[in-house]
Every structure is written in structure tokens, then in C-alpha cells.
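Visitor: Dumping the structure here so I can ask a few things about it.
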Amino acid sequence: MTKVRMEVFSDAVLAIIITIMVLEIKVPHGAELAALRPLIPVFLSYTLSFLYLGIYWSNHHHMLYVTHRVNGAILWANLHLLFWLSLVPFVTGWMGESHLASGPTAVYGVILVLAGIAYLLLQHAILRQEGPDSTLALAVGRDRKGKISLLIYAIAIAVAVAHPGLSGALYVVGVLMWLVPDSRIERSVSRARPEVSPTN
């Protein structure tokens, strides 16, 4: 099976998720700038989640770029990832509206962990299809970054009960870690360019 429909569907779902998330930011009733102050936590949680979704979209794009074909296991693994990502607007709004309260902040981390695991399962399904000598396998290696990020989210969940602000800081660390470009993956994608057509 070709991967085009899966790519198009995934892009559409992520676009809808981001749209739903921004619609959760309610317009203030007052006309003065001070009316925006209560929205600051909501806006900050939106920004954090927007960056996470952008990172998932970028990594998903790179992963599929070096994937030649998809099978049923890959399709279901992709849907599993999209399921957890579709819950990001809910936990984002809850965490922002509650001003980083312990419960919503911990649940936000739970969704990050489950989405991270789902991404690793999708990656594993693709690697099984592509093989150990594939471009993706060479680019991913042992995937220390993915495992470290899951550890960061798990720690953030554990400390959310007593220190939700620290949890929020750990989520920011997770974003910053993924914003740093991985030259290994970029080099592997560049080498794969002649063998993989962007329209496949």
C-alpha cells in the first residue's frame, strides 16, 4: 500500500487538532489590555501544546518521507498515535484554565507519555516493514532522545502533585530538547532523497 492517504489523513487530523485547540482560547469581555491577564496561562499552555504538535508533525513527516510502503499494522499504529494527540486540546485547555493545578498538569503529562509511546510503536511498525538496514533504522539508532523525553514526562507526572510549576518547567524542557535539530536524521533523510520520491 502507498503511504499518501495516511500522510494526507494525518496532516488533516493534526490541522483540526490545532484549530480546536486555538478555539479554546476565549475572547475576553473587556476592551482593556488588563482583560487579557486571565488568559495568560491558557495562552502559555496553548503555545506549549502547539510546539509539541508541531514537533510530532515534523518528526512524522520525516519518518514517512523515508518509508516506502505502509501495511495494516502501520495504519493502526498511526491511528493510535492520532487518538492520543486528539486529546491534547482537552488537557491543554484544562491545564490552562486551572492555572497549572496539580491534577490537570499531571494528566497533561499522562497524555504526553501515551502519545510518546504511540509514536514509538508507529516507528517500530515502520522499522519492521522497512528492515534493519533501512534509512529510518540508521537515522533512529537507539532513539535515546525519545526514551529520555518519556522519562522527563514521567518525572513531571510524579512531581505534579506537590510542584505543578516544576512539572510545567519539565514539559518546556521536553519541547526544547526536541527543538534542537538532530543532524543525524537530517543527514539520513538527505541521503534517502534520491531513492524516495516525495509523491510516494
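The values are calculated or read from the model by the stated rules, or taken from the named source; none is laboratory data. All of these numbers come straight from a predicted model, not from anything done at the bench. Neighbour counts are summed over all protein chains in view; Cβ atoms, including those assigned to glycine, are modelled from backbone coordinates with ideal geometry. When the accessible area is computed, the model is the full protein with side chains, heavy atoms only, and any ligands, DNA or RNA have been set aside. Shrake-Rupley method; radii C 1.70, N 1.55, O 1.52, S 1.80 Å.
Visitor: Considering only region 141-156, how many residues are free of Cβ contacts under 8 Å to residues at least 40 places away in the same chain and either within 13 Å of the chain's Cα centre (by Cα) or within 22 Å of ASN78 (Cβ to Cβ) (or both)?
Guide: Our first condition is that a residue be free of Cβ contacts under 8 Å to residues at least 40 places away in the same chain; within region 141-156, this holds for 142-152, 155.
From what's left, either within 13 Å of the chain's Cα centre (by Cα) or within 22 Å of ASN78 (Cβ to Cβ) (or both): 143, 145-147, 149-150.
Selection size over region 141-156: 6.
Visitor: Then there's this: For region 21-35, which positions are touching a Gly at 6+ places or on another chain (Cβ under 9 Å) and assigned to a helix (DSSP H, G or I)?
Guide: MET21, the sole residue that qualifies.
Visitor: Could you say whether any residue in region 63-81 is of a type in the set (Gly, Ala, Ser) and within 11 Å of the chain's Cα centre (by Cα)?
Guide: No - not one qualifying residue is present in region 63-81.
Visitor: Are any residues in region 111-128 buried (at least 16 other Cβ atoms within 10 Å of the Cβ) and more than 30 Å from GLY168 (Cβ to Cβ), and if so, which ones?
Guide: Passing the criteria: ALA125, ILE126, LEU127.
Visitor: Would you confirm whether any residue within region 3-13 is charged (D, E, K, R), surrounded by fewer than 17 Cβ atoms within 10 Å (Cβ to Cβ) and not in a loop (DSSP other than H, G, I, E, B)?
Guide: Within region 3-13, one or more residues are charged (D, E, K, R), surrounded by fewer than 17 Cβ atoms within 10 Å (Cβ to Cβ) and not in a loop (DSSP other than H, G, I, E, B).
Visitor: Given the structure, is SER190 outside any helix (DSSP H, G or I), small (Gly, Ala, Ser), open to solvent by 30 Å² or more (accessible area, probe 1.4 Å) and at pLDDT below 95? Lay out the reasoning, then the answer.
Guide: Working: outside any helix (DSSP H, G or I): no; small (Gly, Ala, Ser): yes; open to solvent by 30 Å² or more (accessible area, probe 1.4 Å): yes; at pLDDT below 95: yes.
No; evaluated as a whole, the condition is false for this residue.
Visitor: Could you tell me which of the residues ILE40, ILE20 is closer than 21 Å to LEU176 by Cβ, surrounded by fewer than 17 Cβ atoms within 10 Å (Cβ to Cβ) and of a type outside the set (Gly, Ala, Ser)? Outline the logic, then answer.
Guide: Details: ILE20 fails: closer than 21 Å to LEU176 by Cβ.
Answer to the check: ILE40.
Visitor: Given the criterion free of Cβ contacts under 8 Å to residues at least 40 places away in the same chain, touching a Phe, Trp or Tyr at 6+ places or on another chain (Cβ under 9 Å) and either assigned to a helix (DSSP H, G or I) or within 23 Å of GLY165 (Cα to Cα) (or both), identify the matching residue among VAL107, VAL113.
Guide: Step by step, each of VAL107, VAL113 is checked, and only VAL107 is free of Cβ contacts under 8 Å to residues at least 40 places away in the same chain, touching a Phe, Trp or Tyr at 6+ places or on another chain (Cβ under 9 Å) and either assigned to a helix (DSSP H, G or I) or within 23 Å of GLY165 (Cα to Cα) (or both).
Visitor: Just one of LEU51, LEU81 is within 30 Å of THR2 (Cα to Cα), open to solvent by 20 Å² or more (accessible area, probe 1.4 Å), at pLDDT 95 or above and out of contact with any Gly (no Cβ under 8 Å at 6 or more places or on another chain); which is it?
Guide: Exactly one of LEU51, LEU81 is within 30 Å of THR2 (Cα to Cα), open to solvent by 20 Å² or more (accessible area, probe 1.4 Å), at pLDDT 95 or above and out of contact with any Gly (no Cβ under 8 Å at 6 or more places or on another chain), namely LEU51.
Yes or no, residue by residue, for (1) among the polar types (S, T, N, Q); (2) out of contact with any helix residue (DSSP H, G or I) (no Cβ under 7 Å at 6 or more places or on another chain):
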position	(1), (2)
ILE25	no, no
SER45	yes, no
TYR65	no, no
PRO89	no, no
THR92	yes, no
GLY103	no, yes
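Visitor: Related question: Kindly establish whether PRO41 is outside any helix (DSSP H, G or I) and farther than 15 Å from LEU87 by Cα.
Guide: Against the criterion (outside any helix (DSSP H, G or I) and farther than 15 Å from LEU87 by Cα), PRO41 does not qualify.
Visitor: In region 151-162, which residue that is open to solvent by 30 Å² or more (accessible area, probe 1.4 Å) and modelled with pLDDT of 95 or more is farthest from GLY116 (Cα to Cα)?
Guide: Filtering region 151-162 for residues that are open to solvent by 30 Å² or more (accessible area, probe 1.4 Å) and modelled with pLDDT of 95 or more, the one farthest from GLY116 (Cα to Cα) comes out as VAL159.
Visitor: Here is a follow-up. So the check is Cβ under 6 Å with 6+ separation or different chains; which pairs have a first residue in region 4-32 that's of a type outside the set (D, E, K, R) and a second one that's in a loop (DSSP other than H, G, I, E, B) and surrounded by 14 or more Cβ atoms within 10 Å (Cβ to Cβ)?
Guide: Taking only residues 6 or more apart or on different chains, the pairs are MET6/VAL70.
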